[in-house]
Amino acid sequence: MDALEFLQKGGVVMLILALLSVYAVTVIAYKIQQFLSANVFSSHYIDPTMQLVKVGELTEASSRLQPVRGPVARIMRTAIECVRNRNLSLRSREAEISRVGAQEIHYLESHMRGLEMVATTAPLLGLLGTVIGMVRAFARLGEAGTRVDPSMLAGGIWEALLTTVGGLIVAIPAVAAYYVIDSVIEKVRTTMKDVTIQILALEDNFLRNEEEQKRVADEERQLKTQRQLHAEQRQFNEEQRKAMLAQQQELLQKQQEQLRQLQDRQSKALANKEQELHQNLKMQENKLRKQLEQHDEKLRKQLEDQEKQLSSIGGTAASTSTLRLLNPTYSKF
């Protein structure tokens, strides 16, 4: 029995199943072409791009993704651009990434409901055709009356079962294709979610690194300021010390000058006193000499008077020796 006869035996239900099978084959062929054009089965660009993102080369990573087609590449480009645009808030970034991801998944899931409908409806249509065929077979048996032929019943039954076979033939490949395609879409969805989480996590690391770098820069700036203040304070202290030392040296010089002047004045006063004392001594010496001379003169006069008296009394020699004995000062003369 060829295909045309098979369709004729199944009737209208078999024709519907044939149309469903054509639709299922068309959807399967379209999904294969869609996956190939979207690079669903290609992931060679993911790891190199993520390495660039990890080291902070976001511009290079985005440029490498430009010629790549596919949902994963597009969601990666979107996430990288959101990370680069610091003006967007976290909620805006997540909303944009979710929007692009939903568009890509919706594109991949196109016609999946039709394929699911074929996989679900084909067995039911086959069963419906079998039931209709059984009804027709028993109706013919009823019309035959007492002239019932068992071959007539058997022929009606096997013709009715052809729709069940046709429904299963259409449904089994449709179900298998549906689950295979759905697993591919789920894998793409998981990959998109993973790369998005990694990029956003790297963004958090970048922010933390920037905050850490900012904190370190602030600490270095504070340390530099403290060092500068310390240097200025040390320079100020050094200048103060030099100024105080200069003042002390100047004061010491003034004190030394005053001491020198005092010593000069004392030396001059001492010299004056010595000179005055010397003059006084000389004056006293002169005065004493004069007094001695006067005293000697007076004694001389007295001696002369006594000698005159003695000479008048008893002779010059006796009076002179007597006077020398009585007055030892006379011997000086």
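Cβ crowding within 10 Å ranks D264, D194 as D264, D194, fewest other Cβ atoms first.
By the scheme Lys and Arg +1, Asp and Glu -1, what is the net charge of all other residues having a beta-carbon under 14 Å from that of A24? Taking every other residue near A24 into account, the sum is +1.
Can you tally the net charge around E257? Count Lys and Arg as +1, Asp and Glu as -1, for every other residue whose Cβ sits under 12 Å from the Cβ of E257. Counting the neighbours of E257, the net charge comes to 0. Note on N39 and Q263: their simple-model spin labels are 10.0 nm apart, each label 7 Å out from Cα toward Cβ. Give me the net charge for the shell around D47: Cβ to Cβ below 13 angstrom, other residues only, Lys and Arg +1, Asp and Glu -1. Residues close to D47 contribute a combined charge of +1.
In terms of surrounding Cβ atoms within a 10 Å radius of their Cβ, I46, I169, I199 rank from fewest to most as I169, I46, I199. The phi torsions of segment 55-68, fed into the Karplus equation with coefficients 6.51, -1.76 and 1.60 and a -60° offset, translate into couplings of 8, x, 8, 6, 5, 5, 5, 5, 5, 5, 7, 4, x, 8 Hz, rounded to whole numbers, with Gly and Pro shown as x.
Every read-out reported here was derived from the displayed coordinates using simple, explicitly stated rules and does not represent laboratory data. For clarity, every value in this text was computed on a predicted model and none was experimentally measured. No Cβ is skipped: glycine too gets one built from the backbone with ideal geometry, and neighbour counts run over all protein chains shown.
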